[in-house]
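Notes to accompany the following structure.
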Amino acid sequence: MLIISPFTDPYKNLALEEYILKNLVLNETIFFLWQNDSSVIIGRNQNIYEEVNLLYTKEHAIPVIRRKSGGGTVYHDLGNINYSVIADKTGYVKAYEKLTKPVVDFLISLGLEAHFFGKSDIYIGNTKISGNAQYLFGNRILHHGTLLFNSNLETLNLALKNKQAISSTSVKSNRALVGNISDYINLSLTDFKNKMISHFNMPNYTLTELDIAKATLLMNAYQSYEWNYGESPTFKIHKESNHYLVNLTIEKGIIVAGLITYNNRPLDQPYLNKPFHPDTFNDYLELKNILFE
């Protein structure tokens, strides 16, 4: 059964995906297609501070949202198509190659040299164009992935971090050379999407107003600081730069202990018991840049 999201709001789409997984039982495999406005989506067990350039995302009003599945951090925009497969979990748990095969076969049908690679990725030649992750709920599985078609790769690279000064037990993203499908094929995104829909040849399910209303109830959780930042594991940060020395402990997104000195003199500590977020350091521009670069 094919479901196409009517939204591009990332909060609404993540809530809708969760609603379909947990509440919409159609007694057959569901293939959900959706696109998000510019956003960064981090994995369930990741540390947002290690993965995301929060100065850049805040400056450019790019929301950063934690999803329910594991895996690494991804960048979404309207040049990226997301797909979700929701099915009975029997035979599908951790079966990434099996669940990505229909998408790989579709890409091959377009004449592309697509193949499954590593644990959970789809490549065209030597270039990654899709990452995938999974989430279990009861006897159902949610498998979802990205398809970079003509995403803004410059923004992707600026929004995601490659260097950290953080010690934590979080799951780290494996950065790979990524590219767009449009580099390999002469199709518009709309034509590509329509060909994919035709290739899978599944009956459509139109979301009802009640479906959307129930899904919207799940949206608030994805907008909360407690979920997006507070679910990061406890970690310590140590940095030395421009006469600043920083040693902080962060727990549930809150600065619970530590000290910041400038020229060996301790700063006042209004930052203690405050969110570890760029906004907390608006009065210390240089320090803010050091902490979140």
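Assorted remarks:
- The packing ranking, built from the mean of other Cβ atoms within 10 Å per residue, places the peptides 257-267, 13-23, 92-102 in the order 13-23, 92-102, 257-267, highest first.
- Charging the Cβ of each Asp and Glu at -1 and of each Lys and Arg at +1, and nothing else, the dipole of the chain about its Cα centre rounds to 720 debye.
- Length-normalised contact order of segment 46-135 in % [C-alpha pairs under 8 Å, at least 6 apart]: 23 percent
- Three-way shape label, segment 1-137, alpha-carbon gyration tensor, a/c 1.5: oblate
- Contact order normalised by residue count of segment 235-292, Cα under 8 Å, 6+ apart, percent: 25 percent
- Under 5 Å between amide hydrogens, built in the peptide plane, is the criterion, and for ASN53 it picks out LEU160, LYS161 among residues at least 5 positions away or on other chains.
- Anisotropy class of segment 38-81 from Cα gyration tensor, a/c 1.5 cut: oblate
- Between 0 and 90°, nearest 10: helix 10-23 axis offset from the chain longest Cα axis: 60 degrees
- Cα gyration tensor, segment 2-228 - rounded (a/c under 1.5), prolate or oblate: rounded
- The angle separating the long axis of helix 96-109 from the principal Cα axis of greatest extent in the chain is about 60 degrees.
Rule-based calculations on the coordinates, nothing more; no lab input. Here the structure is a predicted model, which is why all the values come from computation and not from measurement. Cβ atoms come from the backbone with ideal geometry, glycine included; neighbour counts cover every protein chain shown.
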